[in-house]
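The structure appears right after this line, and notes come after that.
The values are calculated or read from the model by the stated rules, or taken from the named source; none is laboratory data. Computed from a predicted model, the values in this text were never measured in an experiment. We place every Cβ from the backbone using ideal geometry, glycine too, and count neighbours over all the protein chains shown.
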Amino acid sequence: MPKLKALNISVNADLVVFDKDGTLIDFHTLWGPRVERAIDATCASLGWNQSLTNKLTTALGYDPQTAQVVSQGPLATAPISELEIVVATILFQHQMSWEHAKYLASEHFGPVMSALPQPTEINPLGHVHTAIARLKSSGVQVAIATSDDRAPTEAALRELNLTQTVDLILCADDPGTPSKPDPSVLHYISQQLAVGIDRTVMVGDTVSDLEMARQAGVALTVGITGGADKTAELESCADALLSSVIGLVPA
Ligand SMILES: [Mg+2]
C-alpha cells in the first residue's frame, strides 16, 4: 500500500493530482509575457490607448511593473474563457457594445492566451519528471487538473516528457466534465482512476486549488510556493508547503 511523505507528514495514498501552471512549470515565465502580448494585441486592434492598457492589466490581476500576477486574481486562477469576459467588460466600459466587446476579446485576446506554448515558455519547477516518475514507480497514479485548455496542456506535458507517465489529464475545455475550483473535479478524477478521495493527494500553487481539495476531502494538500498566490495566503489551506514537487516522495 503506497505511502507518501511531504516534509514530516506522511499519508496512505494511491493518487496524486497536480495542478500545472505554478506547480509543474513556472507560472510567471508563461503567463506574464503572454498576458502582456494579449493585451497589446487587443489594444492595437483599437489604436493604442495607454489608459485602456492599464485598465485591462488591473482588471486581469497583473502588475506589469513587477511582472507579477495579483494573488487570487483572475489571471492567477481563472480559465481563459473567464479572462475573455473580464476583457470584454473593460472594453464595454470604453463605449463599445457588449457584442462587439466580446468579439474583440475572442478575436484578439483569446488566441494569444490559448496559443500552444513555445519551449522557451515552459520552465519546469525543479526536477519535475524525476519526481513524478518516482511517484509512479512507487505504485501511485498521477493526474493533472488544470484551468488551461487541452491542446496547450498536452504540448506542455510533451515538453516535460510526461505524456506517457500521467494517467489522466482534466482541462478547462474538456466537454461534460467539472472545472476547477469545483471540488467535484477531484471526485471525478478519483472515480475515473478507481481511487478513494481519502487516498488522494492534491498539489497546487493557489488557495483556490487547495480549498477545492479540502472541500473534496483529500488525504493531503500540498502547496507549491513561488507560483500565482502568496505563500502567506497558502499557509492556512496547505498541510505542507514545498518549493517544488520533488519534495513529495514515497515514504
Ligand atoms: Mg496553478
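Just for region 75-129: of the residues that are within 16 Å of the ligand (Cβ to nearest atom) and more than 15 Å from the chain's Cα centre (by Cα), which one is surrounded by the fewest Cβ atoms within 10 Å (Cβ to Cβ)?
My answer is GLY126.
Give the residues of region 224-240 that are surrounded by 15 or more Cβ atoms within 10 Å (Cβ to Cβ) and without any contact (Cβ under 8 Å) to a residue 24 or more places away in the chain, sorted by residue number.
Hits for region 224-240 are THR225, THR231.
Read through the list (1) farther than 16 Å from PRO2 by Cβ; (2) away from the ligand (no atom under 16 Å from the Cβ); (3) surrounded by 19 or more Cβ atoms within 10 Å (Cβ to Cβ); (4) of a type outside the set (A, V, I, L, M), then give the number of the only condition that GLN141 fails.
(1)
Write out, first by first residue and then by second, each pair whose Cβ atoms fall under 6 Å of each other, whose residues are 6+ apart or on separate chains, and whose first residue, in region 140-151, is under 23 Å from GLY196 (Cβ atoms) while the second is away from the ligand (no atom under 14 Å from the Cβ) and in a strand (DSSP E or B).
VAL140/VAL16; GLN141/LEU15; VAL142/VAL16; ALA143/LEU168; ILE144/ILE169
If I go through region 53-74 residue by residue, how many of them are at pLDDT 95 or above and either aliphatic (A, V, I, L, M) or not assigned by TED's automatic domain parsing to the domain that holds PRO111 (or both)?
Residues flagged as at pLDDT 95 or above and either aliphatic (A, V, I, L, M) or not assigned by TED's automatic domain parsing to the domain that holds PRO111 (or both) within region 53-74 amount to 3.
If you take the residues of region 185-223 that are under 15 Å from GLN141 (Cα atoms), buried (at least 23 other Cβ atoms within 10 Å of the Cβ) and hydroxyl-bearing (Ser, Thr, Tyr), which of them is farthest from the ligand (Cβ to nearest atom)?
In this case the residue turns out to be SER190.
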